[in-house]
Each structure stands twice: as structure tokens, then as C-alpha cells.
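Peer 1: The structure is given below, and queries will be raised subsequently.
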Amino acid sequence: MQRPPPASGVSGFGEVQQRMNARAKGRIRGRHGATIGALACELQRGEGRSTVAPASWVGFGGRGFGVKVVKDLRIAVDIGGTFTDVVLEEGGQRLTRKLLTTPQRPEEAVLDGVRLILGDAGRGFGDVAVFVHGTTLATNAVIERRGARTALIATEGFRDVLDIANESRYDQYDLTIEKPRSLVPRAMRFTVPERLDVHGKVRLALDEAAVRAVAARLAAEGTESVAVAFMHAYVNPAHELRTREILASELPGLKVTLSSEVCPEVREYERTSTAVANAYVQPLMDSYLERMQAALAAGGFTGTIYLVTSGGGLTAIETARRFPVRLIESGPAGGAIFAAQVAARAGERRALSYDMGGTTAKICLIDDYTPHTARLFEVDRAARFLKGSGLPLRIPVIEMVEIGAGGGSIARLDSLKRVTVGPESAGAEPGPACYGRGGRHPAVTDANVVLGTIDPADFAGGTIALDVAAARGALERDVAEGLGLSTEMAAYAVNEMVSENMASAARVHAAERGAAVNQYNLIAFGGGAPLHAARVAEKIGVRRVIVPPNAGVGSAVGFLAAPVSFELVRSRYMRLDVFDAESASQLLAEMSAEATSLVVPGARGMATFERRAAFMRYIGQGHEITVVLPQRPLTADDTASLRAAYERDYAALFERHIPNAAIEILSWSVQVSTEASLPALQTASPATLASVPVGLRAVFDGRSGRTTEVPVYRRDALPPGSTFPGPAIVTEDETSTYVSANFAAHIDASGCIVMDRRDG
């Protein structure tokens, strides 16, 4: 697009020009155009610097630019294991930054990134209306066992519920399986006499003296957090509530998690596991969010803070501090939302979201522009792809599979001299060997540097100088020498293994959902996915790959599209043939009021919507089907329609229903949310423009064993309609996209790189 000329008499233009001239190596580049004041210019996306991706000729107003400031500025931040992504959005424009994460104090990278991006926009903390935050800190704390010293208080006789679990084996023929390590060692599990029956009736009163005795032991053990999980507390929380009162009086400052608040559902093991996980990460997350909130306020921020939940909704910071377990998958959830937005814009009803960052890769199925969701999630699986091998968390979550396959994943040879990649990651400190920060072992990024798909002189837009010799040395020591391969072939082996890991994850995830993975098209984002997407697509038989704009910070962009929402699930057993409409309606009304109270303060005047559902099954079955309920009080006349809805949904899954079989309702759900809008279908743009490369790069092809010259294109120089064949590399500051020889690419109307599989 031709940029318009600068308007005369623009206040602050000299300052803008000086700032632009001060950027080294063209770190600010023109693209489609945006206005700062009356001046139209755009900051190109970049790691470690700002970028704008405008949707229209709407400009940033800011300090020093003589433009009226409208407080509609939103910032989203995603903390990953390697990089922290920052996105600023206002009026259809986006600026982005990408910085290395600061693991010891994650808020430092966040605040540095926010200050820098606000400075680039000429704005301050006081101009920000909304701050949206997602993080993998809770996940990493669980996986790395860096949470608080946590205890469990259970009903007498149920001390070992975390070890007994559900009495199943995730691999019944393997006699040496490793069970997930509990977050609470057995010595830190305590019991007290109390008992409720399945209806919530007190059979044995709570022994308060025993609770006080446990409190003394907790103090002696230096306990930081405790989970309370009593039998049938989901029906009647009275004993758990009284226990919290006693603990608060005996141990002020102790963090207490009640299972009846975190997960008021049947199934003792899952409820206890969820409560324990919440207690385990609460001190860490609470202190982090408190520091973050204080630092933002000190900078002058007076807007609203939201946290992204694992279910893809936004929640207030106060709620997040109470229920940090709901943030376990917040970062990946943002990526799934981003992919759903891209799918809707491109008209891809079946899409496979592929998010690869520095530490992990995430795969998620999207049907009809909606990510698949679930009510049970496993973290820290002992066996990568086997259900039941992880710690179960019963929370609303966007369903995906996550594996240790990122740019920082470490490659090595196992005892059989097979190349393995991950799950161990070099992270941000020290990072891959090529970062020159002390990393000794080769990572996936090192392999890409040696192969030539990453330009070491322009990585992250030139902000991180990569050491090619260090990358080659690490690969030679840990991979090439043991296999008698050249360094380039060793790098290719690493690349193949990480791609196969992701392809296997995609196949397994699709199979578990009863889907054929080759019937989906791939949407690739994150810093690493565009480099590997073509090869993954070849392995799983996908014919189209889409790399959207802002791919390198996709999860953070997705945060800005998430609705403010909260979902409550409570168990209340009821048979359909003796349906108690009054009791069900009362329960749903109470849940609606509670969910609404958590959403409305953060909705900032936006209209809210409610979705009610019942989890139903035939009597004797072990799993439920979700049936949507009407948004009104239920009556006895609804029995027939509920049966019909259940049988219809059951037949859709299993091709038939069971006539006249008794049906039961196990749990109820109420979700209150602001409206989540999808973008309009984009207008097709004819792919007719031949593209001119900006240069050539030597890339090693492991299949031929040769190094060839591959054309390199700059993404900001490719307008919609541009076409180019593979092999090719498309560079931008956030990431690079590799188009293999089996694909031909074009740029669609929204700026996506679309790779289509060639026939034959």
C-alpha cells in the first residue's frame, strides 16, 4: 500500500522522526500504514521492539503528538517459558514486542515490555484501559514442583486418596509404569473425624479439637498452603467452611483452599487433586499477581486487569488469586482463541491449531470456529500421550495436547543412540547454545540455525545475535559424533524428530476425539511453528497451512478477543424419572447469581449472556453427555424435552439410543459471559502477483543431502495476492516461515501466508 505523505504542521513529527532514525538496522519498517498524529507510518513487528499491524487509517494519539487521547487502549501480555509477548491494541492497530522471560521474577519482563511498547506508542500507563494477562507460571510450577509447601486435610480414612486415585492403570500391561508424583507428600496429609452422607446430611460432626491439633502440626511443618477436601463436601460445605474458620484463627496468613469452592463436583479423587493443585500454586500466583498489580498502579495504571482462564475466558484478578488453578492453561487457551479467529476469517470450519513456542507445542482441534472444550484436564503426564498418567484437574478447559517440543527443547541421544528431543527445555536461561548465554546442549533452534532456516544475523529482528559456532559445536558433541553424521545431517535429524513428535501428538489428539486429522487444515503460530508447519503437515497429510499475521505473538493477540466469563459446575444428583424441577431451578438460580457476581464487575458495562447445561447419563454409565438447558426456571413438563435432547445427543455419538432406559443427572453448569464475536469472512483476493525475493539463503535439505540456495522474502513486502513457490523462506521480526518444496504459497486478503500442497 502506498503511504500517504506527511501532513504539514503535525505536532510532534520531529520527535517521531528522531525516534525512527535512532532505530538500528531498519528496526522500524513501513508496511500497510498507520497514523501517528496526521503522519502515516507503521512500526514493523519485531522481537524486542514494537510493531503495528493496523486494520485501517486510524492513528495512535499520544503524548507529544498533538492528538486527542481516547482511552480505548488495551494491552495483552503472555508469559511463556522462554519469551514474554506484549501486544498493544487500539482502534484496529496493534504494536507488539517480544522479550526473553525473566524466570526468577516474571513481572520484570512484563513491566519492561509494557514500558517499552507504551514508549513506542507515545503513551503512558494512565492511558491503558484494559490489561489482559495470561501465563504458564502455574503450569510450570506444577511440572517443575516449585509450588508452596502444601498440606492436605481430609476425612478420617481418606488420607491416601491421592495415591489410590481411581484405581486404574494408564497402561495395564506395563508392570513398571510411573505414576504422577503427588504435589503433597504422604507425611503432609492429615485427617480429622467428620462425615457427611451423599445427600449432605451430617453423620459425624466435625471434630474441632482435631482440626486445632492439625493446625499445630501445620505450623511445626512450616506449611504455606493447605487444601481441605472432605467427603461429599460438594453437597454440604459446612464442615469445610468451619475448618477454614478454625485455621484462620490458629494460623493467620495460611492460604486455605476448599474443595467445595474450587471444584464442587462428585468424584473424590479428581476433586481432591484439583483442590491440592490450587493450594500448591496459590501462594506463588497470589504474590506474583499482587506484585504485578502494585507495579502497574505505581506506574499510573487505573484501568481493569483481567486474567485469562484455561477455558478461554477472562476473569478479574481477585478471582484469579482465589482460584489460580483455573489459570493452568491460560497461555495456550489464548492461542486456541487466536486460531479460531483466524479460522473464522478464512472460512476454515475444520482447523488444527498448532502453537509452538520456545518451550512447548500445543495442538487443538477447532470445529465450526470453536475450539473443543472439556471439564477434565491432566497436567504433568508421566507418559506423554496416555490419559490417566497425569494429575487430573476438574476445571473448564480448552482441550488440547501439549508436549515439550519448542525452540528450546534439548536434543540428545538415548541409550540406544536414538535422537530424542525434549521435554527438557533450555528455556530463557541459559537458552539454546546459539544464544551465547551459557547453554551447552543443542536445542531445536540450534538445529534450525545450522540448517539455514534461521538467519543468525537477523534473529528477533537483530536483537539477539546468534552464535553459529556454538550451535554447531553443541550438535557435534551431543548428536553428530555419536551417530557418525555430519553436523548438518545431525541438525536435520533433530528437525525431523521434533516434527514427528508434533505429528504424533496431532494424530493421537484427533483420534481421541474421533476425528481424522488429515481432514483439517493447519493454522500455525508461535515463534517456532511457522518453521516446522510444512513438514508437520506433510507427515499428517494436511493439504493447507495458514500462518496469520502476528503469528509470533498469537496467544497474546488471542487474549484480546476473549470474552469476560466464568463457569460454575456443581454436582446435584437427580433422576429424570423423579425429576425435582423446583430443586434444580433453585440450584441453577444460585449458580447464576454467583457466576454473574464474578463476571459483571469485570464486564465494564458490556451485556452478559448465560448458558445452562446438565451433565446426563444412563444409570450405570461412567461418563456424561452435556445437554443444554433453557434459560428459565425448569418445570415438570421439561422432563420429556430433556430426555429427547439427551437421546438425540447420545445417538449422535453412538448412532443409537437406549429406549426406555433410566437417565440421571450428575452435575449442573452455568456459564455467564460477555459476547464473544467472530470476525467476518474475508473477501477472497486473487493470487496473481509474482513475488520478488530480497535475497537467497543456503539451506540444507536432509532428504537430498545437499545444500541449496533458497529464495528469501520479506513478509512486509508481500501484499495480498502475492504468490511464490516452495522452497522459500518468509522472514519477519517475530518469526520465519519455511515453505517446503511440496507447497506453493500466496498471501490472502487478511495478510495470512497460505501454503497449499502441490498435487503429485
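The values are calculated or read from the model by the stated rules, or taken from the named source; none is laboratory data. These figures come from a predicted structure and were not determined experimentally. Reconstructed Cβ throughout: ideal geometry from the backbone, glycine too, with neighbour counts over all protein chains shown.
Peer 1: What pairs can you find where one residue is in the range 634-655 and under 25 Å from ARG513 (Cβ atoms), the other is in a loop (DSSP other than H, G, I, E, B), and their Cβ atoms are less than 7 Å apart, with a gap of 6+ or different chains?
Peer 2: Pairs found: GLU647/HIS657; TYR650/HIS657; ALA651/HIS657.
Peer 1: Given the criteria assigned to a helix (DSSP H, G or I), buried (at least 20 other Cβ atoms within 10 Å of the Cβ) and either more than 31 Å from the chain's Cα centre (by Cα) or modelled with pLDDT of 95 or more (or both), does ALA480 qualify?
Peer 2: Answer is yes for this residue.
Peer 1: Quick test for you: out of VAL508, VAL479, pick the one residue that is out of contact with any His (no Cβ under 6 Å at 6 or more places or on another chain) and under 23 Å from GLY452 (Cα atoms).
Peer 2: Exactly one residue qualifies, and that residue is VAL479.
Peer 1: Turning to a different aspect of this structure: Please work out which residue is nearest to GLY526 (Cα to Cα), limiting yourself to the range 383-418 and to residues that are surrounded by fewer than 19 Cβ atoms within 10 Å (Cβ to Cβ) and touching a helix residue (DSSP H, G or I) at 6+ places or on another chain (Cβ under 7 Å).
Peer 2: Only one residue tops the list, namely PHE385.
Peer 1: Next question. Residues that are among the basic types (Lys, Arg), over 27 Å from GLN621 (Cα atoms) and surrounded by fewer than 20 Cβ atoms within 10 Å (Cβ to Cβ): does the range 216-225 have at least one?
Peer 2: Yes, that holds for at least one residue.
Peer 1: Next question. Tell me, yes or no, whether the range 349-369 has at least one residue that is in a loop (DSSP other than H, G, I, E, B) and among the basic types (Lys, Arg). Let's see the steps before the verdict.
Peer 2: Residues of the range 349-369 that are in a loop (DSSP other than H, G, I, E, B), as a first pass: 349, 357-360, 368-369.
Those left that are additionally among the basic types (Lys, Arg): 349.
Checked against the condition, which is being in a loop (DSSP other than H, G, I, E, B) and among the basic types (Lys, Arg), the range 349-369 yields at least one hit.
Peer 1: Moving on. Please find, within the range 115-135, the residue that is farthest from MET292 (Cα to Cα) out of those that are buried (at least 22 other Cβ atoms within 10 Å of the Cβ) and either free of Cβ contacts under 8 Å to residues at least 60 places away in the same chain or in contact with a Pro (Cβ under 8 Å, 6 or more places away or on another chain) (or both).
Peer 2: LEU118
The rows are residues; the columns are (1) buried (at least 20 other Cβ atoms within 10 Å of the Cβ); (2) touching a Cys at 6+ places or on another chain (Cβ under 6 Å); (3) more than 25 Å from ASP756 (Cβ to Cβ).
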{"site": "ARG507", "(1), (2), (3)": "no, no, no"}
{"site": "VAL517", "(1), (2), (3)": "yes, no, no"}
{"site": "TYR520", "(1), (2), (3)": "yes, no, no"}
{"site": "ILE523", "(1), (2), (3)": "yes, no, no"}
{"site": "ALA534", "(1), (2), (3)": "yes, no, no"}
{"site": "GLY541", "(1), (2), (3)": "no, no, no"}
{"site": "PHE566", "(1), (2), (3)": "yes, no, yes"}
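Peer 1: Taking the options ILE117, ILE153, name whichever one is of a type in the set (Val, Ile, Thr), assigned by TED's automatic domain parsing to the domain that holds SER273 and not in a loop (DSSP other than H, G, I, E, B).
Peer 2: ILE153
Peer 1: At negative phi and touching a helix residue (DSSP H, G or I) at 6+ places or on another chain (Cβ under 8 Å): which single residue out of ASP286, ASP380 fits that description?
Peer 2: It is ASP286.
Peer 1: Same structure again: For residues that are in contact (Cβ under 8 Å) with a residue 60 or more places away in the chain and assigned to a helix (DSSP H, G or I), scanning just the range 556-580, find the one that is farthest from PRO601 (Cα to Cα).
Peer 2: ASP577
Peer 1: Which residues, taken from the range 626-646, are part of a loop (DSSP other than H, G, I, E, B) and either closer than 12 Å to ARG611 by Cα or in contact with a strand residue (DSSP E or B) (Cβ under 6 Å, 6 or more places away or on another chain) (or both)?
Peer 2: Within the range 626-646, the first condition is being part of a loop (DSSP other than H, G, I, E, B), and the residues that meet it are 630-637.
Scanning the range 626-646 gives PRO630, GLN631, ARG632.
Peer 1: For the range 505-531, give me each residue that is modelled with pLDDT of 90 or more, of a type in the set (Gly, Ala, Ser) and either in contact with a Ser or Thr (Cβ under 6 Å, 6 or more places away or on another chain) or part of a strand (DSSP E or B) (or both).
Peer 2: Correct list: ALA524 only.
Peer 1: Just checking, does the range 694-701 include any residue being surrounded by fewer than 13 Cβ atoms within 10 Å (Cβ to Cβ), closer than 22 Å to GLU496 by Cβ and either out of contact with any Phe, Trp or Tyr (no Cβ under 6 Å at 6 or more places or on another chain) or not charged (D, E, K, R) (or both)?
Peer 2: Yes, the range 694-701 contains a residue that is surrounded by fewer than 13 Cβ atoms within 10 Å (Cβ to Cβ), closer than 22 Å to GLU496 by Cβ and either out of contact with any Phe, Trp or Tyr (no Cβ under 6 Å at 6 or more places or on another chain) or not charged (D, E, K, R) (or both).
Peer 1: With respect to GLU582, is the statement that it is crowded, with 16+ Cβ neighbours inside 10 Å, out of contact with any Cys (no Cβ under 6 Å at 6 or more places or on another chain) and farther than 21 Å from THR373 by Cβ true?
Peer 2: The answer is no for GLU582.
Peer 1: Check off (1) within 20 Å of the chain's Cα centre (by Cα); (2) assigned to a loop (DSSP other than H, G, I, E, B); (3) more than 22 Å from THR309 (Cα to Cα) for LEU386 and give me the number that stays unchecked.
Peer 2: The one condition LEU386 does not meet is (1).
Peer 1: State yes or no: is LEU296 farther than 20 Å from THR155 by Cα, crowded, with 24+ Cβ neighbours inside 10 Å, in contact with a strand residue (DSSP E or B) (Cβ under 7 Å, 6 or more places away or on another chain) and touching a residue at least 12 places away in the same chain (Cβ under 8 Å)?
Peer 2: Details: farther than 20 Å from THR155 by Cα: yes; crowded, with 24+ Cβ neighbours inside 10 Å: no; in contact with a strand residue (DSSP E or B) (Cβ under 7 Å, 6 or more places away or on another chain): yes; touching a residue at least 12 places away in the same chain (Cβ under 8 Å): yes.
When the stated conditions are applied, LEU296 does not pass them.
Peer 1: Please work out if ALA595 is under 22 Å from PRO264 (Cβ atoms), part of a helix (DSSP H, G or I) and modelled with pLDDT under 95.
Peer 2: On the way: under 22 Å from PRO264 (Cβ atoms): yes; part of a helix (DSSP H, G or I): yes; modelled with pLDDT under 95: yes.
Criteria met by ALA595.
Peer 1: Taking the range 596-623, which residues are aromatic (Phe, Trp, Tyr) and over 20 Å from SER585 (Cβ atoms)?
Peer 2: TYR618, the sole residue that qualifies.
Peer 1: Hey, does the range 247-259 have a residue that's touching an Asp or Glu at 6+ places or on another chain (Cβ under 7 Å) and of a type in the set (A, V, I, L, M, F, W, C)?
Peer 2: Checked against the condition, which is being touching an Asp or Glu at 6+ places or on another chain (Cβ under 7 Å) and of a type in the set (A, V, I, L, M, F, W, C), the range 247-259 yields at least one hit.
Peer 1: Counting only residues that are under 27 Å from THR191 (Cβ atoms) and at pLDDT below 95, give me the strands (runs of 3 or more DSSP E) lying completely in the range 217-329 with at least 3 of them.
Peer 2: none
Peer 1: Return the residues of the range 146-187 that are on the phi > 0 side of the Ramachandran plot, of a type outside the set (A, V, I, L, M) and surrounded by 11 or more Cβ atoms within 10 Å (Cβ to Cβ); say none if nothing qualifies.
Peer 2: GLY157
Peer 1: If I ask for residues that are within 20 Å of ASP286 (Cβ to Cβ) and either part of a helix (DSSP H, G or I) or touching a Cys at 6+ places or on another chain (Cβ under 9 Å) (or both), which ones from the range 101-114 would you list?
Peer 2: PRO106, GLU107, GLU108, ALA109, VAL110, LEU111
Peer 1: May I pose another question? Here's a check for you: in the range 433-458, which residue that is assigned to a loop (DSSP other than H, G, I, E, B) and in contact (Cβ under 8 Å) with a residue 40 or more places away in the chain is surrounded by the most Cβ atoms within 10 Å (Cβ to Cβ)?
Peer 2: In the first step, residues of the range 433-458 are kept if they are assigned to a loop (DSSP other than H, G, I, E, B); the result is 436-442, 452-458.
This time we only want the ones that are in contact (Cβ under 8 Å) with a residue 40 or more places away in the chain, so: 442, 452-455, 458.
Details: PRO442: 34, GLY452: 21, THR453: 22, ILE454: 27, ASP455: 16, ASP458: 18.
Among those residues, the one meeting the criterion is PRO442.
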